[in-house]
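This report refers to the structure that appears directly beneath it.
Where a number appears in this text, it was derived from the coordinates with a stated rule and is not lab data. All of these numbers come straight from a predicted model, not from anything done at the bench. Backbone-built Cβ (ideal geometry, glycine too); neighbour counts: all protein chains shown.
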Amino acid sequence: MSVGAGIENNMPGGGAQAAALGACSAGDPAGRRRDIGLKRRYRAEKRFRFYGIAAIVFGLFFLVLLLWSIFAHGFGAFWQTTITLPVALEAQVIDPDNRLAAEPQSVSDPHFLAMIDYPLLLRRALAQKLGVAADDRAAMREIGQMISPSARGQMRRFLGANPQAIGTVQTIRFLASANVDAAFKGQINFSLPQDKRKISDRQRQWITLLSKEGLLHKSFNTGLFTRPASANAESSGLAVALIGSFYIILIVLVLALPIGVITAIYLEEYAGKNGFTDMIEVNINNLAAVPSIVFGILGLSVFINFLGLPRSASLVGGLVLSLMTLPTIIIAARVALQAVPVSIRAAALGLGASHTQTVFHHVLPLAAPGILTGTIIGLARALGETAPLLLIGMVAFIANYPHSPLDPATALPVQIYMWAGEAERSFVERSSAAIIVLLAILTLMNVTAVFLRRRFEKRQ
Amino acid sequence: MTAKYAAVKPKRVKMRGENVTVFYGNKQALHGVTLDIAANKVTALIGPSGCGKSTFLRCLNRMNDTIEGARVEGVITLDGEDIYAPDIDVVELRARVGMVFQRPNPFPKSIYDNVAYGPRIHGLTKNRAELDEIVEKSLKSAGLFDEVKDRLHDAGTGLSGGQQQRLCIARAIAVSPEVILMDEPCSALDPIATARIEELIDDLRKNYTIAIVTHSMQQAARVSQYTAMFHLGSLVEMGETKIIFTSPKERRTQDYITGRFG
Ligand SMILES: Nc1ncnc2c1ncn2[C@@H]1O[C@H](COP(=O)(O)OP(=O)(O)OP(=O)(O)O)[C@@H](O)[C@H]1O
Ligand SMILES: [Mg+2]
């Protein structure tokens with residue numbers, strides 16, 4: 001068969017045309033080129049590129065929308081308004097029964113300190129500054145609404161530490177109420193009629209006056225990170241949730257990482273392939289797909305009802321989320337172990353390394369970056385998990401810092417959930433702020449993962 | 001089959017396979033191969049692809065143990081001792097029978113650590129100085145030392161293919177094996193690197209017994225003293241290389257060597 005004939009046979013509609021053109025066949029550069037559908041192929045590629053870019057743009061658009069809405073809503077919560085005032089610590093308000101004269105040591109008595117009418121002191125100080133008569137009861141009530149109830153605890157601690165200050169005038173900086181905070185941040189719509197908004201016209205004037213005198217400050221809201229839960233938006237913070245989440249992640253890391261990696265190594269490197277290991281494999285894959293709330297129910301019935309561990313404790317949360325994270329880590333670790341080239345194992349075995357030496361000297365180090373990535377993904381998922389924690393009672397108003405994983409605590413996502421459910425706008429703002437904090441921590445974890453991965457890979 | 005091989009008896013036999021049969025699952029890859037590996041000689045295993053050369057080689061240091069479903073029958077001896085006997089430790093066996101693979105497979109570690117790994121796990125040295133010495137000696141015998149002496153702590157994977165293969169040879173000899181098995185050690189290398197390795201094999205013969213699988217007839221002719229021809233899982237014939245290449249007894253050998261099939 002000649003080459004020319006072969007090509008002619010492949011020509012579309014070749015026969016007659018080729019015959020007409022006679023000698024013009026293979027090897028003739030001026031001759032007709034075969035139509036191998038290049039145009040069509042390039043069109044297909046272009047089309048696919050377009051779909052790809054469209055998909056990315058679509059995804060990015062929603063990501064930006066999401067981030068923008070969270071930041072727009074939550075950014076304000078990182079600043080908090082305080083009022084700085086000279087407050088007269090009047091002896092007749094602090095000690096109306098003149099107890100101190102008889103027994104001066106009672107100033108350190110918590111009961112005595114708790115009975116003092118601190119809001120009255122603050123109201124009077126503010127009224128004086130604003131030129132409001134102390135017997136105008138309606139005005140005094142509105143003044144009282146401008147002060148955060150948390151100022152009470154602050155004053156008590158101050159007096160407890162400085163009893164000699166009784167009878168003097170002290171400059172004190174305390175939190176403004178959530179409504180004043182909102183008004184000062186320009187979040188209140190004053191075109192609404194007075195009874196439809198949280199700040200009255202009179203209060204608005206006072207705010208303007210205070211801010212003109214430089215007594216209102218917006219400063220970075222450290223309380224958001226250091227304060228526990230509170231009924232008042234302006235004084236509630238993420239501290240308990242942060243500590244709870246920290247304990248949980250620590251427990252997940254300490255439990256799920258070693259157990260997961262050891263399981264993966266055993267299944268991948270030691271266990272024989274038989275019906276039993278197949279069954280285990282199927283079950284692990286199934287577990288990875290089990291909805292997280294099921295793990296919550298499991299935790300409730302096993303850890304709390306059966307083992308009698310305390311409710312709301314981060315220990316139980318950590319245990320439940322460890323169970324949830326385990327399959328993820330096992331699967332990731334197995335994939336990473338499988339990806340280690342056979343040639344490396346052969347090299348080690350061929351030198352007389354034992355099976356275990358091969359695994360621990362060569363296979364595991366090479367699999368480490370993959371295991372690490374899987375672990376971080378698992379941890380990130382555990383950090384953001386809410387449903388199982390609701391079931392084990394980590395959704396609660398907790399005003400005390402948890403000192404151990406056995407103390408009641410909440411977790412970041414649960415705190416977001418609780419704040420988002422509050423009616424008050426200031427709580428919702430804090431909810432978005434908590435989301436920002438959560439996202440920041442997740443980003444930090446992922447950056448750490450990338451960094452560690454690079455380090456591991458460079459070492460090899 | 002056994003009868004055909006009996007033509008030559010090497011003077012001193014280092015390893016011997018008797019009636020070696022290998023199954024991968026249900027598939028039989030070797031059919032009763034009987035073959036001697038002569039001490040301090042190079043024995044080449046040749047034959048068309050898939051005929052079981054690698055399989056036989058892997059039996060000699062029990063690397064087949066690591067393959068799932070592989071089953072070895074027959075007797076293989078090292079210095080007269082059955083290496084599949086229950087009291088033989090496979091780790092010790094592999095320290096005595098080293099292996100160099102078809103594709104260079106250095107560990108993703110430094111050049112130094114690659115060579116030092118074997119001596120380290122077998123506890124062959126008492127201190128760092130001794131280890132340094134072994135590493136240097138092994139790299140020298142593999143003809144690599146001069147090229148890498150200034151970068152012993154750079155990654156072994158950063159070397160060229162030929163250098164990597166010599167590194168693998170250095171790594172294998174660092175544990176002072178008695179036998180070195182090489183499975184197509186030059187198939188990924190250019191002619192110059194190949195020539196260096198062939199020289200090296202000739203040098204190594206003084207101290208080691210070598211079995212090498214190769215697809216290059218010229219290579220087999222150049223480096224080996226004995227040649228074994230495999231076909232379809234059986235040994236076709238075995239003899240002194242110069243005889244096999246000049247006057248083989250079997251037609252299949254003749255055809256294969258002259259390139260008529262394979
Ligand atoms: N791990 C394995 N599992 C199943 N079958 C295998 C395995 N390794 C080899 N075989 C089969 O055993 C037979 C011999 O293979 P082997 O690798 O020994 O051939 P070879 O002579 O080395 O070939 P080549 O020259 O191509 O490397 C082949 O048919 C091959 O398909
Ligand atoms: Mg082979």
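Data overview
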quantity	calculated
Unmet requirement for A:Leu389, which otherwise passes all of (1) within 14 Å of another protein chain (Cβ to nearest Cβ); (2) touching a Gly at 6+ places or on another chain (Cβ under 6 Å)	(1)
Of all residues making up the stretch B:190-210, the number that are more than 13 Å from B:Ser141 (Cβ to Cβ) and either charged (D, E, K, R) or within 16 Å of ligand 2 (Cβ to nearest atom) (or both)	2
Residue match in the stretch B:103-125 (condition: within 15 Å of ligand 2 (Cβ to nearest atom), within 9 Å of chain A (Cβ to nearest Cβ) and crowded, with 17+ Cβ neighbours inside 10 Å)	yes
Residue check, A:Ala336 within 14 Å of another protein chain (Cβ to nearest Cβ) and hydrophobic (A, V, I, L, M, F, W, C)	no
Among residues of the stretch B:93-126, those that are part of a loop (DSSP other than H, G, I, E, B), over 22 Å from B:Leu57 (Cβ atoms) and among the basic types (Lys, Arg), counted	2
Filtered residues of the stretch B:216-235 (kept if surrounded by fewer than 23 Cβ atoms within 10 Å (Cβ to Cβ) and touching a Pro at 6+ places or on another chain (Cβ under 9 Å))	B:Gln225, B:His231, B:Leu232
Hey, A:Val320 within 20 Å of the chain's Cα centre (by Cα) and either more than 10 Å from chain B (Cβ to nearest Cβ) or not basic (Lys, Arg) (or both) or not	yes
Enumeration of residues in the stretch A:413-460 that are within 14 Å of chain B (Cβ to nearest Cβ) and acidic (Asp, Glu)	A:Glu457
Residue that is surrounded by 21 or more Cβ atoms within 10 Å (Cβ to Cβ), in contact with a Pro (Cβ under 9 Å, 6 or more places away or on another chain) and under 23 Å from B:Pro104 (Cα atoms), where the choices are A:Ala409, A:Ala367, A:Ala353, A:Ala347	A:Ala347
Test: B:Glu68 is more than 20 Å from the chain's Cα centre (by Cα), facing chain A (nearest Cβ under 10 Å) and either closer than 30 Å to A:Lys273 by Cα or within 16 Å of ligand 1 (Cβ to nearest atom) (or both)	yes
Every residue from the stretch B:152-175 that is touching a residue at least 60 places away in the same chain (Cβ under 8 Å) and either polar (S, T, N, Q) or more than 10 Å from chain A (Cβ to nearest Cβ) (or both)	B:Gln164, B:Gln165, B:Leu167, B:Ile169, B:Ile173
Test: residue in the stretch B:186-209 that is within 14 Å of another protein chain (Cβ to nearest Cβ), free of Cβ contacts under 8 Å to residues at least 60 places away in the same chain and of a type in the set (A, V, I, L, M, F, W, C)	no
Matching helices (runs of 4 or more DSSP H) fully within the stretch A:116-213 where at least 2 residues are in contact (Cβ under 8 Å) with a residue 60 or more places away in the chain and under 32 Å from the mean Cα position of the chain (by Cα)	A:178-184
Options A:Leu364, A:Leu349; residue that is more than 30 Å from A:Ser301 (Cα to Cα), in a helix (DSSP H, G or I) and touching a Ser or Thr at 6+ places or on another chain (Cβ under 7 Å)	A:Leu349
Among the candidates A:Ala289, A:Ala271, A:Ala313, residue that is under 22 Å from A:Leu250 (Cα atoms) and either aliphatic (A, V, I, L, M) or more than 22 Å from the chain's Cα centre (by Cα) (or both)	A:Ala313
Filter pass, A:Val180 being of a type outside the set (Phe, Trp, Tyr), buried (at least 21 other Cβ atoms within 10 Å of the Cβ) and within 25 Å of A:Thr410 (Cβ to Cβ)	no
Those residues of the stretch B:25-47 which are more than 14 Å from chain A (Cβ to nearest Cβ) and near ligand 1 (Cβ under 7 Å from one of its atoms), in sequence order	B:Lys27, B:Ala29, B:Gly47
Any hit, the stretch A:114-127, residues being closer than 26 Å to A:Phe427 by Cα and among the hydrophobic types (A, V, I, L, M, F, W, C)	yes
A:Val359 away from chain B (no Cβ under 11 Å), within 30 Å of B:Pro185 (Cβ to Cβ) and touching a residue at least 12 places away in the same chain (Cβ under 8 Å)	yes
Restricting the stretch B:36-74 to residues that are part of a strand (DSSP E or B) and loosely packed, with under 15 Cβ neighbours inside 10 Å, the residue that is nearest to ligand 2 (Cβ to nearest atom)	B:Arg71
Checklist (1) away from ligand 1 (no atom under 15 Å from the Cβ); (2) away from chain A (no Cβ under 14 Å); (3) assigned to a strand (DSSP E or B); (4) closer than 25 Å to A:Ile344 by Cβ applied to B:Val22, failing item	(1)
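A quick yes/no check of all residues on (1) out of contact with any Ser or Thr (no Cβ under 6 Å at 6 or more places or on another chain); (2) within 30 Å of B:Gly123 (Cα to Cα); (3) outside any strand (DSSP E or B):
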site: B:Ala220; (1), (2), (3): no, no, yes
site: B:Glu237; (1), (2), (3): no, no, no
site: B:Lys249; (1), (2), (3): yes, no, yes
site: B:Asp255; (1), (2), (3): yes, no, yes
